[in-house]
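Peer 1: A single structure is presented below for examination.
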Amino acid sequence: MTKIIHAGMHDLEMLAPLFDAYRQFYGQRTNLADSRHFLEERIIRNESVLFLARQEDGTPSGFVQFFPSFSSVAMRRLWILNDLFVHPEYRGYGIGEQLLHHGVVFARQTGAVGLVLETAADNAPARRLYERTGWVRDNQFITYRYGLEQ
């Protein structure tokens, strides 16, 4: 049985390897120390909300990270689902769905108007998961980026 917890500082040692694996999935080099530091800063500064999936034996199996934003039109909070990752060994057991469900419950508890996310166009498994769990693809707005990478 999987247990989903609202993660904090005491969960960094379990979160960091999952976050590092998530980044590697998106083509980044492994960097466990920087992964841990990034999450630590988000938690200390109260800049994100993390939920961690753990198995009965305590093994971390996935996480989801939300960043706060606001809808000026609705004049309410909006949550950005920025990161969702389930360790490959635990995929197919509904952990991603459980993490998404916890995020929706959390968003309702905070009075949010909704949640938004982006995923890679070629990430078909993630897109199927989102659509299966009630997320609706936005065909009304176009996303632009302005990169500041050096």
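The values are calculated or read from the model by the stated rules, or taken from the named source; none is laboratory data. All values derive from a computational prediction rather than experimental measurement. Reconstructed Cβ throughout: ideal geometry from the backbone, glycine too, with neighbour counts over all protein chains shown.
Peer 1: Do we find a residue being of a type in the set (Val, Ile, Thr) and within 21 Å of Gly8 (Cβ to Cβ) anywhere in the range 117-130?
Peer 2: To start, the set of residues in the range 117-130 that are of a type in the set (Val, Ile, Thr) comprises 119.
Of the ones still in play, those that are also within 21 Å of Gly8 (Cβ to Cβ) are none.
Within the range 117-130, not a single residue is of a type in the set (Val, Ile, Thr) and within 21 Å of Gly8 (Cβ to Cβ).
Peer 1: What do you reckon, is Tyr22 part of a loop (DSSP other than H, G, I, E, B) and either surrounded by 15 or more Cβ atoms within 10 Å (Cβ to Cβ) or touching a His at 6+ places or on another chain (Cβ under 9 Å) (or both)?
Peer 2: Spelling it out, it is not the case that Tyr22 is part of a loop (DSSP other than H, G, I, E, B) and either surrounded by 15 or more Cβ atoms within 10 Å (Cβ to Cβ) or touching a His at 6+ places or on another chain (Cβ under 9 Å) (or both).
Peer 1: Now for a different question. Please name all residue pairs, on different chains or six or more residues apart, with Cβ atoms under 8 Å, provided the first residue is in the range 129-141 and is of a type in the set (Asp, Glu) and the second residue is assigned to a loop (DSSP other than H, G, I, E, B).
Peer 2: Within 8 Å, the pairs are Glu131/Arg137.
Peer 1: Same structure again: Based on this model, can you work out whether Phe38 counts as outside any strand (DSSP E or B), among the aromatic types (Phe, Trp, Tyr) and either surrounded by 16 or more Cβ atoms within 10 Å (Cβ to Cβ) or touching a Phe, Trp or Tyr at 6+ places or on another chain (Cβ under 8 Å) (or both)?
Peer 2: Yes.
Peer 1: Determine whether the range 105-117 contains at least one residue that is touching a Ser or Thr at 6+ places or on another chain (Cβ under 7 Å) and either closer than 22 Å to Val86 by Cβ or not aliphatic (A, V, I, L, M) (or both). Give the derivation first.
Peer 2: Filtering the range 105-117 down to residues touching a Ser or Thr at 6+ places or on another chain (Cβ under 7 Å) leaves 113.
From what is left, the residues that are either closer than 22 Å to Val86 by Cβ or not aliphatic (A, V, I, L, M) (or both) are none.
Among the residues of the range 105-117, not one is touching a Ser or Thr at 6+ places or on another chain (Cβ under 7 Å) and either closer than 22 Å to Val86 by Cβ or not aliphatic (A, V, I, L, M) (or both), which makes the answer no.
Peer 1: Within the range 65-84, count every residue that is hydroxyl-bearing (Ser, Thr, Tyr) and either in contact with a Cys (Cβ under 6 Å, 6 or more places away or on another chain) or within 21 Å of Phe51 (Cβ to Cβ) (or both).
Peer 2: 1
Peer 1: While we're here: Name the strands (runs of 3 or more DSSP E) wholly within the range 46-150 that hold at least 3 residues that are buried (at least 19 other Cβ atoms within 10 Å of the Cβ), within 12 Å of the chain's Cα centre (by Cα) and of a type outside the set (D, E, K, R)?
Peer 2: Fully inside the range 46-150 and qualifying: 49-54, 60-71, 76-86.
Peer 1: Taking the conditions exactly as written (touching a strand residue (DSSP E or B) at 6+ places or on another chain (Cβ under 7 Å) and of a type in the set (Gly, Ala, Ser)), does Ser35 satisfy them or not?
Peer 2: no
Peer 1: Checking Phe70 against (1) farther than 21 Å from Phe25 by Cβ; (2) of a type in the set (Phe, Trp, Tyr); (3) touching a helix residue (DSSP H, G or I) at 6+ places or on another chain (Cβ under 6 Å), which test does it fail?
Peer 2: (3) is the only condition that Phe70 fails.
Peer 1: On to the next question. Listed residues Leu129, Leu115; which is in contact with a helix residue (DSSP H, G or I) (Cβ under 7 Å, 6 or more places away or on another chain), within 23 Å of Met1 (Cβ to Cβ) and modelled with pLDDT of 95 or more?
Peer 2: Checking each option against the conditions leaves just Leu129.
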